[in-house]
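Coordinate-derived values only; no laboratory data. Bear in mind that the values here come from a model prediction, so they are computed numbers and not experimental data. Glycine also receives a Cβ, built like all others from the backbone with ideal geometry; neighbour counts cover every protein chain displayed.
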Amino acid sequence: MMNILHWMKKENSGLARSTMELAEYEEKAGHKVCIKQPTEDQPIYGVERDIDVHCIHSQLNPRTYHDDRPKFMWMHGEPLSSVGNGVSMKAIVDLAPVTDAFIAMRREEIPIWSSIKRTYLVTKGINLEKYTPLDGITEKLSGEPAVLYCENWRGQRNPLYLCIAMQKVQEKLPKARLHLYNMQDKRMSDTFNALIKNNKWWTFIRSLQGPTKDINLLYNRVDMVVSCLFPLYARGIEAFGAGKAFIGPGYREYADWPYVCGLDPSSLANAIIKCWENYDKINYREWAEKRHNIKDTVEQSVAIYQRYL
Amino acid sequence: MNLSDLENEINEWGTGPSAMSAMSDVQPRNAIEFQNLRRTILDARSRGLEVDYAGNTH
């Protein structure tokens, strides 16, 4: 049994969700967990006592730099973006000397993070008790297929290419519909409302909505979730947990995944059509259980921590 | 509070351009640099400008 301290900033982000899932399943595995913000003394969860291991998700309080406890930095971000935002990569490199190792969740990132610090690869898992198929869902969103976009819209993270892709999908699948959720920025909303009107996308876009409280319910109301992220895929794999297909240009680390696509409208469209035409050939829930179970992530990461105790 | 309660709170927390950009918050080696950057960002935002985490306005 270990006492694990997670350093995490309170932010509405995939990083926070992933950290919380790790903490929950570490507890279920019998470990004691504490979550702290780097700049605050009071934990946001648990008790800081006899810490065995530090897990860095956002930053580490300098007070702990030399406490002789093993320190692991979880690489939630993507290396190019970390350079691109002008801050993260520099901070990661500066912090590397006080860490024992990095932990990454995508195989493609290993060469980059390994150039800075020894890096271990673990499964990118999700909470399969939370993201799960629901029985008796009758109020499905419109479309055959009903396609959902629900990324965290910001900057270049937007569904423009997916909207163009859906034009092509509609030529082959006239009943296909797109539902855009998690829109939180007014300028983005104005932009897409203008595009929908000018390009007559109202023929296939049926929703332009903000965040939803129950994201698992939303997954259960559609056929597939499509991301336009590249080269990462972030939290879109939650759809698999709900038993739905997930398509994303960054999802390419499994050789047996048949719907690999590129970040261009034509490639996205082909993947959506191919997925719909072969929809029942894959049990998406089983796919998640075998490849994206947070229990596996915790088992693998705890085994790494133990090597350093 | 249990972890599920905390997880339910996430939607109420603020968002940033990148959660990893939180790396800048307590970076002691470059405290002055980051403070200046933070000031630039907050100043730009207060003037209604869109600004990225490198301090560039658009």
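Entry note, chain A: relative contact order of 17 percent, from Cα contacts under 8 Å with a spacing of 6+ residues. Summarising the strand pairing of chain A, around 5 percent of its internal DSSP beta bridges are antiparallel.
Based on DSSP, what percent of beta bridges with both residues in the range A:1-94 are antiparallel, to the nearest 5?
Numbers: 1 of 13 bridges.
Percentage antiparallel, nearest 5: 10.
Measuring r between the beta carbons of residue A:50 and residue A:200 and using R0 = 51 Å, the FRET efficiency lands at 0.20.
What percent do you get for the relative contact order of the range A:139-224 when only Cα pairs under 8 Å and 6+ apart count?
Values: 114 pairs, mean separation 36.1, N = 86.
It rounds to 42 percent for the range A:139-224.
By the rule of a C-alpha distance below 17 Å, with chain neighbours fewer than 8 residues away ignored, the aspartates and glutamates paired with residue A:295 are A:21, A:24, A:26, A:27, A:129, A:238, A:286. Applying the criteria of a DSSP loop state and at most 14 other Cβ atoms within 10 Å to the chymotrypsin sites (Phe, Trp or Tyr not before Pro) of the range A:226-280 yields A:254. For residue A:274, the lysines whose Cα falls under 20 Å of its own Cα, not counting residues fewer than eight places away in the same chain, are A:168, A:172, A:175, A:244. Taking amide H as placed 1.01 Å from N in the peptide plane, the amide H of residue A:6 sits under 5 Å from that of A:34, A:35, A:36, A:55, each at least 5 places away or on another chain.
Each residue of the range A:18-31 was assigned a 3J(HN,Hα) from its phi angle through the Karplus expression (A = 6.51, B = -1.76, C = 1.60, θ = phi - 60°), giving 5, 5, 5, 5, 4, 4, 4, 7, 5, 4, 4, 7, x, 8 Hz with x at Gly and Pro. The percentage of C-alpha pairs in chain A whose separation is greater than 26 Å is 48%.
For the range A:75-171, the set of GluC sites (Glu not before Pro) satisfying both a DSSP loop assignment and a count of at most 14 other C-beta atoms within 10 Å is given as A:129, A:139. Relative to the longest principal axis of chain A, what angle (0 to 90°, nearest 10) does the C-alpha long axis of helix A:294-307 take? It is inclined by approximately 20 degrees.
Within the range A:1-65, which GluC sites (Glu not before Pro) sit in a loop by DSSP and count at most 15 neighbouring Cβ atoms inside 10 Å? Walk me through the numbers before you get to the answer.
Numbers: sites: A:11, A:21, A:24, A:26, A:27, A:40, A:48; in loops: A:11, A:40, A:48.
Hits after loop and neighbour filter: A:40, A:48.
Mean residue ellipticity, 222 nm, helices only, chain A: the sum of -39500 (n - 2.57) across DSSP H runs of n ≥ 4, divided by residue count and rounded to 500, is -10000 deg cm²/dmol. Sequentially through the range A:174-185, phi angles give Karplus couplings (6.51, -1.76, 1.60; θ = phi - 60°) of x, 8, 5, 9, 10, 10, 9, 10, 6, 6, 10, 10 Hz, Gly and Pro residues having no value and appearing as x.
Take every DSSP beta bridge whose two residues both sit in the range A:142-245, then give the antiparallel share in percent to the nearest 5.
Values: 1 of 11 bridges.
In the range A:142-245, DSSP labels about 10 percent of beta bridges as antiparallel.
Each of the trypsin sites (Lys or Arg not before Pro) that DSSP puts in a loop and that has at most 13 other Cβ atoms within 10 Å breaks chain A; the longest unbroken stretch is A:214-309.
Close amide H contacts of residue A:225 (hydrogens built in the peptide plane, cut-off under 5 Å, sequence separation of 5 or more or a different chain): A:148, A:245, A:246, A:247. So, in Å, what gap is there between the alpha-carbon centers of the range A:183-243 and the range A:64-138? The range A:183-243 and the range A:64-138 have Cα centres separated by 26 Å. Applying the Karplus relation 6.51 cos²θ - 1.76 cosθ + 1.60 with θ = phi - 60° to the range A:104-109 yields 3J(HN,Hα) values of 10, 10, 10, 4, 5, 7 Hz, where x marks Gly and Pro.
Taking amide hydrogens as placed 1.01 Å from N in the peptide plane, the amide H of residue A:205 sits under 5 Å from those of A:178, each at least 5 positions away in sequence or on another chain.
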